[in-house]
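Let me begin by presenting the structure, written as structure tokens, before commenting on it.
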Amino acid sequence: MKKYAIALLTLSVVPLAFAGSDQQDPTARLQAAGTVMNEIMAAPDKGIPDEVLNDAKCIAVVPNMAKGAFIVGGEHGRGVVTCRTGHGWSAPAFISIGGGNFGFQAGGQSVDLVVLFMNDKGVQGLLSSKFELSGEASAAAGPVGRHASAGTDWKMNTEALSYSRTKGLFAGVAVDGAKIQQDNDSTVAMYGKDTSFRQTLSGEVHTPASADSFIAAVKAAVHKANQHETAESR
């Protein structure tokens with residue numbers, strides 16, 4: 001009976017964890033995503049390499065992913081993504097990501113996930129209505145540190161590079177089989193209508209004031225990486 005009681009308690013807690021993540025205010029999610037970017041770049045020797053950030057075409061951040069979800073073998077989270085445009089970084093699009101193999105064991109801990117889309121093929125996949133990171137489109141574990149390893153082929157072949165952070169520890173993590181799609185509820189809550197990925201990430205949508213902190217964090221991270229690369233190339 002005790003085992004059954006524990007099982008029932010587990011199953012009752014997990015949906016609450018999902019519900020809390022799903023119902024998170026979009027503005028709070030943007031602020032959390034900005035904090036993740038700021039904290040990652042505060043430790044450059046253990047963060048995303050300058051070369052990788054400078055080449056990234058889109059940056060997705062999923063803060064507090066998968067709270068308690070590993071108990072039943074499923075991963076799920078909601079986050080935001082912005083892409084480079086001819087006029088800077090786009091307004092954020094809201095995403096949900098779930099399923100697949102994330103390459104980390106987190107128990108009941110929450111994990112911050114960052115996915116960088118590195119080439120046009122990866123971006124076009126992201127702009128589709130549903131994008132599955134599988135096979136050739138899997139998100140490889142990104143290199144960590146001030147410089148990307150010369151032995152990696154991320155510049156040539158990798159559509160996406162992914163990173164995770166748990167309890168302050170930051171590492172590259174492979175993602176395979178996860179599905180990324182638009183978070184329609186959060187999109188409507190933020191923009192007042194169901195704008196598409198393509199409209200938002202191509203720069204057609206005005207960035208709301210509530211997204212300023214996230215976009216500023218992305219700009220600051222990329223600017224800092226660019227300064228490092230420029231200084232060291234002299």
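The values are calculated or read from the model by the stated rules, or taken from the named source; none is laboratory data. Please read these numbers as outputs of a predicted model, since none were measured by experiment. No Cβ is skipped: glycine too gets one built from the backbone with ideal geometry, and neighbour counts run over all protein chains shown.
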query: Say we look at the stretch 162-184 and pick out the residues that are out of contact with any Leu (no Cβ under 9 Å at 6 or more places or on another chain) and either among the small types (Gly, Ala, Ser) or modelled with pLDDT of 85 or more (or both); which of these is surrounded by the fewest Cβ atoms within 10 Å (Cβ to Cβ)?
result: Gly168
field: Single residue of Val218, Val173, Val205, Val188 found to be more than 20 Å from Phe94 (Cβ to Cβ) and of a type in the set (A, V, I, L, M)
entry: Val173
query: Condition test on Val81, is it at pLDDT 90 or above, of a type in the set (A, V, I, L, M, F, W, C) and crowded, with 19+ Cβ neighbours inside 10 Å?
result: yes
Candidate set: the stretch 78-91, residues that are assigned to a loop (DSSP other than H, G, I, E, B) and farther than 17 Å from Gly122 by Cα; chosen: the one nearest to the chain's Cα centre (by Cα): Ala91
query: Can you tell me which of Thr187, Thr207, Thr200 is more than 20 Å from Val115 (Cα to Cα) and crowded, with 17+ Cβ neighbours inside 10 Å?
result: Thr207
- line: Checked pairs for the stretch 112-134, first acidic (Asp, Glu), second at pLDDT below 85 and not in a helix (DSSP H, G or I), C-beta under 6 Å and 6 or more apart or across chains, list as Asp112/Arg165
- prompt: Among the residues of the stretch 167-202, which ones are among the acidic types (Asp, Glu) and outside any strand (DSSP E or B)?
  reply: Asp183, Asp185, Asp194
query: Got at least one residue in the stretch 111-124 being modelled with pLDDT of 80 or more and either over 18 Å from the mean Cα position of the chain (by Cα) or among the small types (Gly, Ala, Ser) (or both)?
result: yes
